[in-house]
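Visitor: Let me give you the structure first, and then I'll get to my questions.
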Amino acid sequence: MEQGAGLQVTQISKSFGSVSVLEKLDLTVQQGEFISIVGRSGCGKSTFLRLLAGLDEPTTGEIQLNEQRIKGINPEVRVMFQESRLLPWMTVVENVEIGLNDQASLSKEEKRNQALKMLEQVGLKGRENEWPHVLSGGQKQRVSLARALISRPKLLLLDEPLGALDAFTRLEMHQLILKLWNEHRFTAFLVTHDVAEAISLADRILLLEKGKIAMDLPVEIERPREREDHHVSELETKVIRRVMHT
Amino acid sequence: MKKNKTMEGIVPWVLPLLLLILWQIASSSEWIPSRLFPAPTVIVQTFIEELQSGILLHHLGISTYRALVGLLIGGGIGFILGLINGLFPFAGKFFDSTIQMIRNVPHLALIPLIIIWLGIGETAKIFLVSLGVLFPIYVNTYHGIRTVDRGLIEMGRVYGLRSWELFRKIILPGALPSIFVGLRYALGLMWLTLIVAETIASDSGIGYMAMNAREFMKTDVIILSIIIYALLGKLADVLAKVIEEKTLKWHPSYAKQK
């Protein structure tokens, strides 16, 4: 049984020059938990994600992934970026295979088969030989999701991956992400500034403010969560009020 | 619909054809002196004669050889310098401004010096062609590599692509459209440089053929040489375009032509 990673964040700070972005952050995350980080622009949420990804190093403190300190880029951790970042010179299926790049033991054929299966899971069966530029924004993000999940990572980081999509496509993508999360059981971190999105996906919402966790709120509502559900709308109002009051 | 398409295909050719007919009439009726402007039919005749005697092919072969070797050497050096400077910021800092300074010297101005240094042999011509093609390829390779989307490189690093793979799968393909711009520009400069070099100092090649013909007032051979240069230039450009379309078929602006 594949399991997501547990995370232990201890007293991490990050500053760029004299500007302090994160200040002594502590956080414990259970295996397979879905966390949403919300906050205003510049609150440090993307920086926090980059530290988790190993793209940047914390100035002080440490992050442990399954009791192992994160040091640099880790194959157990995958990132889905705001833009799909597909390679335009590779076909859809080749782009998904990038996700298996660090698995040297797999043959070309196995990689191709796995990539095709993964594409089917994100609903892009039959599009494998197309160039990325013919795909719509939502389809590109599906390919990007397939690329991120094909190696069965233990931690998936989502850096506002749906920000540029229209409302309908976003709802579709929410369902897809939840479906895959249920199947793969990875631990997920979603950075977003859409509170409704955070509530409909996450087990727990973290509000980041001035480099600190200002609110840590569990979401105890049965999935699927409908927008009309009064628990959902109450929670949304609560979070938005909290964000706006400071 | 179909008729329209054939018409559209013909239209661009009407004016050149009319000019050619006018030229033929003017020249064969001695309206303009045929000694200075030999009729198109005479030029075609000359072409056949020179082809049969083997002289044309001889000169054509030598010119092509010089062009290609020069392109290979100069283009190779430009490409490698572009790569190094693009990939390693320190190398860029160290080399680039010097290269830019040399680039601003018109390379054809070096001809007198080159003749003194290297004589009028093959080396001189190949050197000049190399120098001519080096800079456009260098500048565009350097620029291409430096402007590869940083986001894609970061993505590659997250997915564990290391140096060589990162280069092969992301940096090089990303820089390719720009490198091709450099190549096509270099091809133009390649023929230009060769024409000048062969015309000024040479004992073989198409340029020499034209200069030699001048001594005997054989205007038909001169015009033939010019036409051959034009055709060679066009051929090189078409070839580069075909390679470009094949290599960049992923690119939105090429995909449409399918």
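The values are calculated or read from the model by the stated rules, or taken from the named source; none is laboratory data. Please read these numbers as outputs of a predicted model, since none were measured by experiment. In this analysis, Cβ positions are derived from the backbone assuming ideal geometry, glycine residues included, and neighbour counts consider all displayed protein chains. In case anyone asks, the SASA skips ligands and DNA or RNA and just uses the protein heavy atoms, side chains included. Shrake-Rupley method; radii C 1.70, N 1.55, O 1.52, S 1.80 Å.
Visitor: For the range A:96-112, check the following and say yes or no: at least one residue is outside any loop (DSSP other than H, G, I, E, B), β-branched (Val, Ile, Thr), open to solvent by less than 60 Å² (accessible area, probe 1.4 Å) and at pLDDT 90 or above.
Guide: Within the range A:96-112, one or more residues are outside any loop (DSSP other than H, G, I, E, B), β-branched (Val, Ile, Thr), open to solvent by less than 60 Å² (accessible area, probe 1.4 Å) and at pLDDT 90 or above.
Visitor: If I ask for residues that are within 15 Å of B:Leu110 (Cα to Cα) and in a helix (DSSP H, G or I), which ones from the range B:200-211 would you list?
Guide: Residue satisfying the conditions is B:Ile200 alone.
Visitor: Within the range B:212-258, track down each residue that is within 14 Å of another protein chain (Cβ to nearest Cβ), in a helix (DSSP H, G or I) and not acidic (Asp, Glu).
Guide: B:Lys246, B:Thr247, B:Pro252, B:Ser253, B:Tyr254, B:Ala255
Visitor: Go through (1) at pLDDT below 90; (2) open to solvent by less than 40 Å² (accessible area, probe 1.4 Å) for A:Arg69 and report which single condition fails.
Guide: Going through the list (1) at pLDDT below 90; (2) open to solvent by less than 40 Å² (accessible area, probe 1.4 Å), A:Arg69 breaks only (2).
Visitor: Just to verify a result, which residue in the range A:82-93, among those that are within 9 Å of chain B (Cβ to nearest Cβ) and more than 22 Å from A:Val191 (Cβ to Cβ), is least open to solvent (accessible area, probe 1.4 Å)?
Guide: So, considering only residues that are within 9 Å of chain B (Cβ to nearest Cβ) and more than 22 Å from A:Val191 (Cβ to Cβ), the one least open to solvent (accessible area, probe 1.4 Å) is A:Leu87.
Visitor: If you don't mind, another one. Would you point out which residue out of B:Pro136, B:Pro177 is in a helix (DSSP H, G or I), within 14 Å of chain A (Cβ to nearest Cβ) and more than 30 Å from A:Lys71 (Cα to Cα)?
Guide: Matching residue, one of B:Pro136, B:Pro177: B:Pro177.
Visitor: Taking the options A:Val122, A:Val134, name whichever one is within 14 Å of another protein chain (Cβ to nearest Cβ) and at pLDDT below 95.
Guide: None of the others qualify; the one that does is A:Val134.
Visitor: Out of all the residues in the range B:147-166, is one or more touching a residue at least 60 places away in the same chain (Cβ under 8 Å) and either within 12 Å of another protein chain (Cβ to nearest Cβ) or within 27 Å of A:Arg50 (Cα to Cα) (or both)?
Guide: For the range B:147-166, residues touching a residue at least 60 places away in the same chain (Cβ under 8 Å) and either within 12 Å of another protein chain (Cβ to nearest Cβ) or within 27 Å of A:Arg50 (Cα to Cα) (or both): absent.
Visitor: Could you tell me how many of the residues in the range A:54-85 are part of a loop (DSSP other than H, G, I, E, B) and hydroxyl-bearing (Ser, Thr, Tyr)?
Guide: 2
Visitor: Additional query: Does the range A:205-246 hold any residues that are open to solvent by 80 Å² or more (accessible area, probe 1.4 Å) and part of a helix (DSSP H, G or I), and which are they?
Guide: First, the residues of the range A:205-246 that are open to solvent by 80 Å² or more (accessible area, probe 1.4 Å): A:210, A:212, A:220, A:222, A:224, A:226-228, A:230-231, A:234, A:238, A:241, A:244-246.
Within the range A:205-246, A:His230, A:His231, A:Glu234, A:Lys238, A:Arg241, A:Met244, A:His245 qualify.
Visitor: Could you list, in sequence order, all residues of the range B:93-108 that are in a helix (DSSP H, G or I) and not polar (S, T, N, Q)?
Guide: Matches in the range B:93-108: B:Lys93, B:Phe94, B:Phe95, B:Asp96, B:Ile99, B:Met101, B:Ile102, B:Arg103, B:His107, B:Leu108.
Visitor: Just to verify a result, which residue in the range A:171-204, among those that are open to solvent by 10 Å² or more (accessible area, probe 1.4 Å) and out of contact with any helix residue (DSSP H, G or I) (no Cβ under 9 Å at 6 or more places or on another chain), is farthest from A:Gly32 (Cα to Cα)?
Guide: That would be A:Gln175.
Visitor: Exactly one of these conditions fails for B:Tyr185: (1) open to solvent by less than 30 Å² (accessible area, probe 1.4 Å); (2) in a helix (DSSP H, G or I); (3) out of contact with any Asp or Glu (no Cβ under 6 Å at 6 or more places or on another chain); (4) touching a residue at least 24 places away in the same chain (Cβ under 8 Å). Give me its number.
Guide: Only one criterion in (1) open to solvent by less than 30 Å² (accessible area, probe 1.4 Å); (2) in a helix (DSSP H, G or I); (3) out of contact with any Asp or Glu (no Cβ under 6 Å at 6 or more places or on another chain); (4) touching a residue at least 24 places away in the same chain (Cβ under 8 Å) is unmet by B:Tyr185, namely (1).
Visitor: For the range A:114-150, name all the residues that are among the basic types (Lys, Arg) and crowded, with 23+ Cβ neighbours inside 10 Å.
Guide: A:Arg142, A:Arg147
Visitor: State which residue is farthest from A:Arg152 (Cα to Cα) when the search covers only the range A:1-26 and only residues that are among the small types (Gly, Ala, Ser) and not in a strand (DSSP E or B).
Guide: Narrowing the range A:1-26 to residues among the small types (Gly, Ala, Ser): A:4-6, A:13, A:15, A:17-18, A:20.
Then drop every residue that is not not in a strand (DSSP E or B), which leaves A:4-6, A:17-18.
Numbers: A:Gly4: 9, A:Ala5: 11, A:Gly6: 15, A:Gly17: 36, A:Ser18: 38 Å.
The residue in question is A:Ser18.
Visitor: Going by what's in this entry, would A:Lys117 be described as modelled with pLDDT under 95, more than 10 Å from chain B (Cβ to nearest Cβ) and not in a loop (DSSP other than H, G, I, E, B)?
Guide: yes
Visitor: Being under 15 Å from B:Leu161 (Cα atoms), in contact with a Lys or Arg (Cβ under 8 Å, 6 or more places away or on another chain) and within 9 Å of chain B (Cβ to nearest Cβ): is that true of A:Val96 here?
Guide: It is false that A:Val96 is under 15 Å from B:Leu161 (Cα atoms), in contact with a Lys or Arg (Cβ under 8 Å, 6 or more places away or on another chain) and within 9 Å of chain B (Cβ to nearest Cβ).
Visitor: Starting from the range A:40-61, keep only residues that are closer than 16 Å to A:Val19 by Cα and more than 14 Å from every other protein chain (Cβ to nearest Cβ), then list their pairs with residues that are in a loop (DSSP other than H, G, I, E, B) and of a type in the set (Gly, Ala, Ser) whose Cβ atoms are within a distance under 7 Å, requiring at least 6 positions of separation or different chains.
Guide: Partner pairs satisfying both residue conditions: A:Gly44/A:Gly211; A:Lys45/A:Gly39.
Visitor: Here's a check for you: in the range A:151-170, which residue that is closer than 23 Å to A:Asn101 by Cα and of a type in the set (D, E, K, R) is surrounded by the fewest Cβ atoms within 10 Å (Cβ to Cβ)?
Guide: Checked the range A:151-170; the qualifying residue surrounded by the fewest Cβ atoms within 10 Å (Cβ to Cβ) is A:Arg152.
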